[in-house]
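Each remark here refers to the structure printed beneath this line.
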Amino acid sequence: MTSNNALQEYRNDFSSLKNHGKSFYWASFFLPASNRLGASQLYSICRYFDDLADESDKNLSEEIKSQLQKITSDKSHEVNIFFQRYGISLSILEDLTNGLIKDQTSVRLNTEAELIEYSYEVAGTVGLMMMPIIDVRDSKAKKHAIDLGIAMQLTNIARDIYEDSIINRIYLPKDWIGEVDTLSLKDIKNTQIQNKVSDALKRIIKLSNIYYENGFSGLRYIPIRTRLAIYIAAQVYKGIGEKIKSNGFLYDNKRVYLNRFEKLLITLKSIPKFFFINHIYKKYSAIRGTFKNENL
């Protein structure tokens, strides 16, 4: 969407997943058609709000709040109907928009706890909303779904440090990198900043791996027919972090991504492990507090 389109009312766009969510689109082929349809619409909804938050130079906090209010107050709204159909609480969508509103001004997180809270808002919420779409009914799965979303968002942050810094968003906490206010091309060449960011990259990838493990340990709650798609999507995302690691945690202006061959390789390697995930991933590490809407 362009910034002008983002200001329009929501319209379901099933092409959104294909055009913008490359890793998820890849994994969606392992979902049954009915589940894939629901996942595509959820992605379209999240993408709508994401575009609303990102694709304008203006602060659109009030517009985001206004669109959310329209959805929650109108039971005939397409998004409201979607949430009713799957029994998803609109409070979780509100949590997501709270995170997007934080992006409307310059972002400078202070602590790891703030980083995890933000990651829950913009991605852990998506994990929660996906549960009924992929037929997960056991409430024990909620913490795992959140943590898998957090893991993916931490990977996003590690991948997009330079691009985010251009629009005045630095998600690496001050506790990690100190009072670093810009991460421009000039800063990349600064050895001291390069070392700080490289160390932070090691830290965020290590942290993401703990959250991935937490997510994987909850795959047992996902029905077999939808489980493989989630596992592959997460493994592909995790592969971005592995590629950052193989690059020596080097910070530069080149975005790390996986090409089609790399995704295929990860997929092929994941399938044999898939049959043993309940034996491989057993432990849940309690490394965060409980979020307000986690147990709705």
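Here are a few things to note about the model shown:
- Build a GNM of the chain with springs between Cα atoms under 10 Å apart, and of ASN190, ASN214, ASN253 the one that fluctuates most is ASN190.
- Cut-off of 10 Å, at most 11 other beta carbons, DSSP loop: longest stretch of the chain lacking such GluC sites (Glu not before Pro): 10-178
- Table column - 3J(HN,Hα) (Hz), the stretch 195-202, Karplus curve with 6.51, -1.76, 1.60, x for Gly and Pro: 5, 4, 5, 4, 5, 5, 4, 4
- Estimated 222 nm signal from helices in the chain, with DSSP H stretches of n ≥ 4 weighted -39500 (n - 2.57), rounded to 500: -19500 deg cm²/dmol
- Choice from GLN153, GLN235, GLN192 with maximal GNM fluctuation in the chain (Cα, 10 Å cutoff): GLN192
- The charge dipole of the stretch 127-252, taken about its Cα centre with unit charges on the Cβ of Lys, Arg, Asp and Glu (plus for the first two, minus for the last two), comes to roughly 480 debye.
- Shown for ASP135, ASP50: other C-beta atoms within 10 Å of each C-beta, ranked fewest to most, produce the order ASP135, ASP50.
- The residues PHE216, PHE49, when put in order of fewest to most other Cβ atoms within 10 Å, stand as PHE49, PHE216.
- Amide H contacts under 5 Å for VAL107: ARG169, ILE170, restricted to partners 5 or more places along the chain or on a different chain, H placed in the peptide plane at 1.01 Å from N.
- Choice from LEU31, LEU100, LEU148 with maximal GNM fluctuation in the chain (Cα, 10 Å cutoff): LEU31
- Sorted by Cβ neighbour density within 10 Å, fewest at the top, the residues HIS77, HIS144: HIS77, HIS144
- Note on the stretch 161-294: percent of Cα-Cα distances in each 5 Å bin, starting at 0 and stopping at the bin with the largest distance, equals 2, 9, 16, 18, 16, 14, 12, 8, 4, 1.
- P(r) of the stretch 89-200 over all Cα-Cα pairs, binned every 10 Å from zero, in whole percent: 14, 42, 27, 13, 4, 0
- Set of the stretch 119-143 residues, backbone N closer than 16 Å to the point 7 Å along the Cα-Cβ line of ILE210: 119-120
- Along the stretch 283-289 the Karplus relation, 6.51 cos²θ - 1.76 cosθ + 1.60 evaluated at θ = phi - 60°, assigns HN-Hα couplings of 9, 10, 9, 7, 10, 8, x Hz to successive residues, with x for each Gly and Pro.
Readers should treat all values here as calculations from the given coordinates under stated rules, not as data from a laboratory. The structure displayed is predicted, hence computed values, not measured ones. All Cβ positions, glycine included, derive from the backbone under ideal geometry; neighbour counts span all protein chains shown.
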